[in-house]
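The values are calculated or read from the model by the stated rules, or taken from the named source; none is laboratory data. Remember, predicted model here, so these are calculated numbers, not experimental data. All Cβ positions, glycine included, derive from the backbone under ideal geometry; neighbour counts span all protein chains shown. With ligands, DNA and RNA removed, areas are computed over all heavy atoms of the protein, side chains included. Shrake-Rupley method; radii C 1.70, N 1.55, O 1.52, S 1.80 Å.
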Amino acid sequence: MNDAQPTENIVDPSLEADVFSRNCSSREILQNVTSRWGLLALVALLDGELRFNALRRRVDGVSERMLSVTLQSLERDGYVRREMLQAIPPRVEYSLTEAGTQVAQRLSGLIDLVEAQVDEVAEARAAYDGR
(Lines give C-alpha, C1' and ligand atoms only; values in the text may rest on other atoms or scores of the structure.)
Protein backbone atom coordinates (compact mmCIF):
# COMPACT_ATOMS: atom_id res chain seq x y z
CA MET A 1 0.00 0.00 0.00
CA ASN A 2 1.29 3.44 -0.91
CA ASP A 3 1.35 5.90 2.01
CA ALA A 4 2.03 8.95 -0.17
CA GLN A 5 -0.56 11.71 -0.01
CA PRO A 6 -2.09 13.01 -3.20
CA THR A 7 -0.36 16.24 -4.18
CA GLU A 8 -3.60 18.27 -4.09
CA ASN A 9 -3.88 17.67 -0.30
CA ILE A 10 -0.38 18.89 0.51
CA VAL A 11 -0.27 22.45 1.82
CA ASP A 12 2.84 24.47 1.18
CA PRO A 13 3.63 26.04 4.59
CA SER A 14 5.09 29.07 2.84
CA LEU A 15 1.60 29.84 1.50
CA GLU A 16 -0.19 29.78 4.86
CA ALA A 17 -1.32 33.09 6.28
CA ASP A 18 0.94 34.52 8.97
CA VAL A 19 0.04 38.03 10.09
CA PHE A 20 3.46 38.38 11.72
CA SER A 21 5.16 37.96 8.35
CA ARG A 22 5.97 41.27 6.66
CA ASN A 23 4.71 40.18 3.23
CA CYS A 24 1.57 38.33 4.28
CA SER A 25 -1.63 39.67 2.72
CA SER A 26 -3.46 38.98 5.98
CA ARG A 27 -1.87 42.18 7.35
CA GLU A 28 -3.76 44.34 4.87
CA ILE A 29 -6.99 42.49 5.61
CA LEU A 30 -6.42 42.90 9.35
CA GLN A 31 -5.77 46.61 8.82
CA ASN A 32 -9.06 47.00 6.95
CA VAL A 33 -11.16 45.31 9.65
CA THR A 34 -9.38 46.78 12.67
CA SER A 35 -9.04 50.35 11.49
CA ARG A 36 -11.17 52.72 13.53
CA TRP A 37 -13.80 53.10 10.80
CA GLY A 38 -13.64 49.53 9.53
CA LEU A 39 -14.25 48.10 13.00
CA LEU A 40 -17.12 50.49 13.71
CA ALA A 41 -18.77 49.99 10.31
CA LEU A 42 -18.64 46.21 10.61
CA VAL A 43 -20.10 46.17 14.12
CA ALA A 44 -22.77 48.73 13.18
CA LEU A 45 -23.88 46.43 10.36
CA LEU A 46 -24.42 43.58 12.84
CA ASP A 47 -27.81 45.17 13.54
CA GLY A 48 -28.83 44.64 9.91
CA GLU A 49 -28.59 46.32 6.55
CA LEU A 50 -28.21 50.08 6.50
CA ARG A 51 -28.26 52.77 3.88
CA PHE A 52 -25.11 54.86 3.56
CA ASN A 53 -26.38 57.90 5.46
CA ALA A 54 -27.88 55.79 8.25
CA LEU A 55 -24.54 54.01 8.61
CA ARG A 56 -22.74 57.35 8.63
CA ARG A 57 -25.02 58.61 11.41
CA ARG A 58 -24.45 55.39 13.38
CA VAL A 59 -20.65 55.72 13.05
CA ASP A 60 -20.60 59.21 14.47
CA GLY A 61 -17.63 61.31 13.36
CA VAL A 62 -16.71 59.52 10.14
CA SER A 63 -16.56 61.67 7.02
CA GLU A 64 -18.52 60.70 3.93
CA ARG A 65 -15.29 60.13 2.02
CA MET A 66 -13.69 57.99 4.74
CA LEU A 67 -16.80 55.84 5.13
CA SER A 68 -16.98 55.36 1.38
CA VAL A 69 -13.32 54.28 1.18
CA THR A 70 -13.76 52.00 4.20
CA LEU A 71 -16.86 50.31 2.77
CA GLN A 72 -15.13 49.80 -0.59
CA SER A 73 -12.20 48.07 1.16
CA LEU A 74 -14.51 45.88 3.23
CA GLU A 75 -16.57 45.02 0.15
CA ARG A 76 -13.41 44.15 -1.78
CA ASP A 77 -12.32 41.86 1.06
CA GLY A 78 -15.70 40.11 1.00
CA TYR A 79 -16.97 41.31 4.37
CA VAL A 80 -19.59 43.82 3.22
CA ARG A 81 -22.26 43.47 0.55
CA ARG A 82 -23.38 46.56 -1.38
CA GLU A 83 -26.81 46.30 -2.96
CA MET A 84 -28.23 48.86 -5.35
CA LEU A 85 -32.00 49.00 -4.95
CA GLN A 86 -34.29 49.96 -7.81
CA ALA A 87 -35.96 53.08 -6.48
CA ILE A 88 -36.27 56.75 -7.27
CA PRO A 89 -33.94 58.14 -6.19
CA PRO A 90 -31.64 55.07 -6.35
CA ARG A 91 -30.86 53.59 -2.95
CA VAL A 92 -27.84 51.63 -1.82
CA GLU A 93 -27.90 49.35 1.20
CA TYR A 94 -24.95 47.77 2.94
CA SER A 95 -25.01 44.49 4.83
CA LEU A 96 -22.56 41.92 6.12
CA THR A 97 -21.62 38.77 4.29
CA GLU A 98 -21.31 35.55 6.28
CA ALA A 99 -17.57 36.18 6.68
CA GLY A 100 -18.29 39.78 7.67
CA THR A 101 -20.74 38.63 10.32
CA GLN A 102 -18.14 36.30 11.83
CA VAL A 103 -15.54 39.07 11.99
CA ALA A 104 -18.02 41.66 13.28
CA GLN A 105 -19.16 39.37 16.10
CA ARG A 106 -15.60 39.00 17.32
CA LEU A 107 -14.97 42.73 17.02
CA SER A 108 -18.16 43.38 18.96
CA GLY A 109 -16.75 41.30 21.81
CA LEU A 110 -13.59 43.40 21.74
CA ILE A 111 -15.66 46.59 21.88
CA ASP A 112 -17.61 45.22 24.87
CA LEU A 113 -14.35 44.40 26.66
CA VAL A 114 -12.84 47.82 25.99
CA GLU A 115 -16.01 49.64 27.06
CA ALA A 116 -16.07 47.62 30.29
CA GLN A 117 -12.51 48.72 31.07
CA VAL A 118 -12.88 52.46 30.43
CA ASP A 119 -12.67 53.35 34.14
CA GLU A 120 -9.61 51.13 34.70
CA VAL A 121 -7.89 52.65 31.67
CA ALA A 122 -8.65 56.16 32.92
CA GLU A 123 -7.05 55.28 36.26
CA ALA A 124 -4.02 53.75 34.55
CA ARG A 125 -3.63 56.84 32.36
CA ALA A 126 -3.86 59.15 35.36
CA ALA A 127 -1.24 57.11 37.22
CA TYR A 128 1.05 57.09 34.17
CA ASP A 129 0.62 60.81 33.52
CA GLY A 130 1.27 61.55 37.21
CA ARG A 131 4.76 60.04 37.18
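Mind listing the long-range amide H neighbours of residue 35? Cut-off is under 5 Å, sequence gap 5 or more, other chains count too, H placed in the peptide plane at 1.01 Å from N.
none
In debye, nearest 20, what is the charge dipole magnitude of the chain about its Cα centre with +1 on Lys and Arg Cβ and -1 on Asp and Glu Cβ, if you could check? Mind showing how you got there, number by number?
Values: 15 positive and 21 negative charges, 150 e Å.
The calculated dipole for the chain is roughly 720 debye.
Residues with amide H under 5 Å of residue 51's amide H, sequence separation 5 or more or different chain, H placed in the peptide plane at 1.01 Å from N; which?
94
Sorted by mean Cβ packing within 10 Å, highest first, what order do the peptides 95-104, 120-129, 23-32 take?
95-104, 23-32, 120-129
Among [x] 1.14; [y] 1.26; [z] 1.34, which is the computed Rg/Rh (Cα atoms, Kirkwood Rh)?
So the calculated entry is the one marked [x].
If I model a spin label as a point 7 Å beyond the Cα along the Cα-Cβ vector, how far apart are those points for residue 131 and residue 95 in nm?
A separation of 5.0 nm, rounded to one decimal place.
Please list, short to long, the whole-number percent of alpha-carbon pairs of the stretch 14-91 in consecutive 10 angstrom bins beginning at zero.
Once binned at 10 Å, the Cα pair distances of the stretch 14-91 give 17, 45, 25, 11, 2, 0.
Round to a whole number: what % of the accessible area of the chain belongs to carbon and sulfur, probe 1.4 Å? Intermediate results must be reported in sequence, preceding the final value.
Details: 4890 of 9990 Å².
Its accessible area is 49 percent carbon and sulfur atoms.
Given springs between every Cα pair under 10 Å in a Gaussian network model of the chain, which of 19, 69, 43 has the largest fluctuation?
Among 19, 69, 43, the largest GNM mean-square fluctuation belongs to 19.
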